[in-house]
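Below is one structure, written out as structure tokens; comments come after it.
The values are calculated or read from the model by the stated rules, or taken from the named source; none is laboratory data. All values reported here derive from a predicted model rather than from experimental measurement. Cβ sites come from the backbone with ideal geometry, for glycine too, and all protein chains shown count toward neighbours.
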Ligand SMILES: C[C@@](CO)(OP(=O)(O)O)[C@H](O)COP(=O)(O)OP(=O)(O)OC[C@H]1O[C@@H](n2ccc(N)nc2=O)[C@H](O)[C@@H]1O
Ligand SMILES: Nc1ncnc2c1ncn2[C@@H]1O[C@H](COP(=O)(O)OP(=O)(O)O)[C@@H](O)[C@H]1O
């Protein structure tokens with residue numbers, strides 16, 4: 001579908017928000033399910049590495065249209081990733097029904113019987129195929145934006161949180177996490193997800209965790225990584241990790257972190273080993289793959305340490321890798337009326 005070049009004129013109202021990425025501090029796989037998915041036990045934290053999503057309600061059309069680009073531009077993003085403009089395939093963001101934002105808006109309309117159209121503008125800052133849940137986070141934000149935009153016919157958005165969670169689980173296993181936990185204060189600082197990833201319990205964090213995140217330029221397919229996984233006969237008990245997390249002791253948290261998808265991800269993408277080695281050499285102790293990869297992260301004691309380690313790491317890595325120093329944040333970012 002060609003990217004729309006001008007914003008439709010029949011715009012009624014518009015909202016915008018900044019979907020966060022996530023990291024898996026603990027990820028264990030306990031079984032393979034008969035539906036082809038896996039039973040997982042994971043603890044996720046949202047981080048302040050974001051996309052930006054603006055959704056406009058269209059009352060004189062039932063179209064679901066979308067424009068998507070990388071921030072600050074797809075050209076700059078592609079050059080940062082690869083050092084040359086050739087590999088623009090790295091910057092491909094679907095702008096049709098393959099984009100989870102479109103899929104979420106279509107599911108929202110079907111569930112609530114809403115007839116208006118939506119035009120979405122997605123500005124990507126979260127690398128794709130990184131294991132940071134970019135698409136899932138955008139989908140959760142799209143559901144929350146649509147819920148606010150349709151208050152005239154559906155009533156207060158706060159009344160629909162449980163229904164949105166049910167719709168979210170049909171869009172992707174990680175989407176419910178980004179909605180925030182129903183019944184909790186709207187946003188979540190950390191959550192334990194089980195089942196496919198849709199069974200959520202809040203997890204306490206003593207204080208925000210500073211992190212360094214590194215993306216080795218090429219993403220990974222979540223399905224391919226899961227496909228290569230051998231389900232362990234003995235699984236790691238999450239309790240020691242959960243105790244470390246609630247203690248706030250960064251060194252202990254780092255010692256108890258684990259990710260069962262690391263082995264299959266490294267088989268597919270050997271540069272993950274080089275990335276983890278470079279992170280260790282830059283002084284980061286607790287380095288780990290997030291989700292199905294390919295991004296890796298480490299926790300530091302302070303944001304200053306994260307910034308200094310990120311600078312050392314950038315100097316070590318081949319052109320094309322991306323490095324951020326950031327910190328944990330909350331899910332369900334504020335949805336505000338767009339100016
Ligand atoms: C691995 C994790 C860890 O948080 O995140 P990412 O690395 O994708 O960010 C998640 O389990 C990914 O969740 P999500 O990306 O929403 O997965 P989905 O779209 O539902 O499924 C994509 C594919 O992953 C596999 N899959 C996903 C979830 C799960 N519990 N078991 C699976 O086997 C299936 O092959 C599925 O077809
Ligand atoms: N809103 C979106 N943003 C980015 N990628 C998307 C989006 N919707 C669908 N996709 C597709 O989903 C794939 C995985 O994206 P993402 O969720 O960022 O990775 P991961 O599952 O590793 O966290 C991308 O390669 C892209 O083809």
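Here are a few things to note about the model shown:
- Residues within segment 265-293 that are over 17 Å from residue 325 (Cα atoms) and touching a residue at least 40 places away in the same chain (Cβ under 8 Å), tallied: 9
- For segment 170-182, the criterion of being near ligand 2 (Cβ under 10 Å from one of its atoms), under 22 Å from residue 48 (Cα atoms) and surrounded by fewer than 20 Cβ atoms within 10 Å (Cβ to Cβ) is satisfied by no residue at all.
For (1) closer than 16 Å to residue 17 by Cα; (2) modelled with pLDDT of 95 or more, each residue gets a yes or a no:
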position: 141; (1), (2): yes, yes
position: 162; (1), (2): no, no
position: 165; (1), (2): no, no
position: 171; (1), (2): no, yes
position: 179; (1), (2): yes, no
position: 184; (1), (2): no, no
position: 193; (1), (2): no, yes
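- Wholly enclosed helices (runs of 4 or more DSSP H) of segment 112-183 bearing at least 2 residues within 15 Å of ligand 1 (Cβ to nearest atom): 134-149, 161-171, 175-179
- Within segment 273-296, if we keep just the residues that are in contact with a helix residue (DSSP H, G or I) (Cβ under 9 Å, 6 or more places away or on another chain) and within 13 Å of ligand 2 (Cβ to nearest atom), the residue that is nearest to residue 212 (Cα to Cα) turns out to be 296.
- Considering 217, 194, the condition of being outside any helix (DSSP H, G or I), near ligand 1 (Cβ under 10 Å from one of its atoms) and more than 15 Å from the chain's Cα centre (by Cα) is satisfied by 194 alone.
- Residue 150 being crowded, with 24+ Cβ neighbours inside 10 Å and either outside the structural domain of residue 53 (by TED's automatic domain parsing) or over 18 Å from residue 92 (Cα atoms) (or both): no
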